[in-house]
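The values are calculated or read from the model by the stated rules, or taken from the named source; none is laboratory data. Keep in mind that what you see is a predicted model, and the values were worked out from it rather than measured. Using ideal geometry, Cβ is built from the backbone for each residue, glycine included, and neighbour counts are taken over all protein chains shown. To get the accessible areas, we keep the full protein, side chains included, count just its heavy atoms, and leave off ligands, DNA and RNA. Shrake-Rupley method; radii C 1.70, N 1.55, O 1.52, S 1.80 Å.
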Amino acid sequence: MKKYFIITVDTEGDNLWNWSPGNVITTENGKYVDRFQNLCDEFGFKPVYLTNYEMANDNRFINKLKNWETEKRCEIGIHLHAWNTPPIVNCSLSSKYSGQSYLVEYPEHIMRDKFQKLFDLLCDKIGHNPVSHRAGRWAMDERYFEILKDFGITTDCSFTPGVNWESSKGITGGGSNYTNVPVQPHFINGILEVPMSIRTCRAWGSGTFKHKVKSYIKKHPVWLRPSMHSIYEVKKVLKKLETEKSTDYAEFMIHSSELMPGGSPYFKTNEEINSLYNALEAIFKYASKNFSGLTLKEYRNKL
């Protein structure tokens, strides 16, 4: 029996890597997602568009997603960035750092207010309650899981096994430490956690020959994420997942903004976008041999 291939798309504004307070956030990347959806359709995969505040406010884009979901080609989930999701409040956070804030840095009542605002907006736009979620900047805690449960979210995909985000600063401190979390799906307060597929392996990296050799000698965590790893590395993780008896899925991720030239630091030109799609096609073709596509909601329902 084939295992499952889950595609997650952090669906957010243009090039948020370069965003700073006061900047207008644009959503032009919504015009470029059709090509990605069509490629997923070609291999029978169903992306989960984990949608944040500015993309939910882009009516043309959200109506397109709604149509695709109605056609059972995708799922619309929720993805919250604390720094630009209303209510924008001045609270008593001690600003030690100048990073983009994590939701878990705020008092619980502010966390709830922000989640309520995005949840209500998304429900209004798509006509039903989203049930899948990923935290902005991957940060979760017990309070956040309690909020998800209260809003009827059934599935989360924020955990990145083997990755420690403590050096990635928000306002008061760093992110979550997932060094020792399970790589298998598990329940937290009634929420099914479906961790990102990250495996430590020895694989040729990119760059100079010296760097490739260094990467091969030392094992390192490899994501199913084409902006971070080569086709060879991604295929190696997929092959590893095929034989793992304790795991029945592979979880891939990309940002919607990566699909637009200049929408991210990774793919700045049309040529680089075309190279990305060549990589995506190769990865999806390989995955389709031993994995079948389904959404996070469908995966949760199977369990």
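Observations on the structure shown:
- Listed by position, the helices (runs of 4 or more DSSP H) enclosed by region 1-116 that each have at least 2 residues that are touching a residue at least 24 places away in the same chain (Cβ under 8 Å) and open to solvent by 40 Å² or more (accessible area, probe 1.4 Å) are 33-42, 59-70.
- Candidate set: region 190-201, residues that are surrounded by fewer than 18 Cβ atoms within 10 Å (Cβ to Cβ) and not in a loop (DSSP other than H, G, I, E, B); chosen: the one modelled with the highest pLDDT: 200
- Positions within region 57-106 being of a type in the set (D, E, K, R) and over 21 Å from residue 19 (Cα atoms), in sequence order: 60, 64, 66, 69, 71, 72, 73, 75
- Scanning region 265-300 for residues that are within 17 Å of residue 47 (Cβ to Cβ) and among the polar types (S, T, N, Q) yields a count of 3.
- Residue tally, condition in a strand (DSSP E or B) and closer than 25 Å to residue 97 by Cβ, over region 147-184: 4
- Filtered residues of region 173-189 (kept if open to solvent by less than 50 Å² (accessible area, probe 1.4 Å) and either among the hydrophobic types (A, V, I, L, M, F, W, C) or farther than 19 Å from residue 238 by Cα (or both)): 173, 174, 175, 176, 178, 181, 183, 186, 188
- Just so you know, in region 80-96 the residues that are under 28 Å from residue 9 (Cα atoms) and touching a Ser or Thr at 6+ places or on another chain (Cβ under 7 Å) include one that is modelled with the lowest pLDDT, and it is 83.
- Within region 118-136, the set of residues being free of Cβ contacts under 8 Å to residues at least 40 places away in the same chain and either assigned to a helix (DSSP H, G or I) or crowded, with 19+ Cβ neighbours inside 10 Å (or both) comprises 120, 123, 124.
- Test: residue in region 202-220 that is open to solvent by 10 Å² or more (accessible area, probe 1.4 Å), at pLDDT below 95, in contact with a Lys or Arg (Cβ under 6 Å, 6 or more places away or on another chain) and among the hydrophobic types (A, V, I, L, M, F, W, C): yes
- Condition broken by residue 75, with the remaining ones in (1) under 24 Å from residue 266 (Cα atoms); (2) within 19 Å of the chain's Cα centre (by Cα) satisfied: (1)
- Annotation: residue 290 fulfils all but one of (1) closer than 27 Å to residue 30 by Cα; (2) in contact (Cβ under 8 Å) with a residue 60 or more places away in the chain; (3) open to solvent by 60 Å² or more (accessible area, probe 1.4 Å); the unmet one is (1).
- Scanning region 137-146 for residues that are part of a helix (DSSP H, G or I) and either among the β-branched types (Val, Ile, Thr) or touching a helix residue (DSSP H, G or I) at 6+ places or on another chain (Cβ under 8 Å) (or both) turns up 143, 144.
- When 272, 233 are checked against the criterion of being open to solvent by less than 20 Å² (accessible area, probe 1.4 Å) and farther than 19 Å from residue 37 by Cβ, 233 stands alone in meeting it.
- Of all residues in region 245-269, exactly one satisfies the criterion of being part of a loop (DSSP other than H, G, I, E, B), open to solvent by less than 40 Å² (accessible area, probe 1.4 Å) and under 20 Å from residue 299 (Cα atoms), namely 247.
- Residues that are open to solvent by less than 40 Å² (accessible area, probe 1.4 Å) and either of a type outside the set (D, E, K, R) or more than 22 Å from residue 131 (Cβ to Cβ) (or both), drawn from region 153-172: 153, 155, 157, 158, 159, 160, 161, 163, 168, 170, 171
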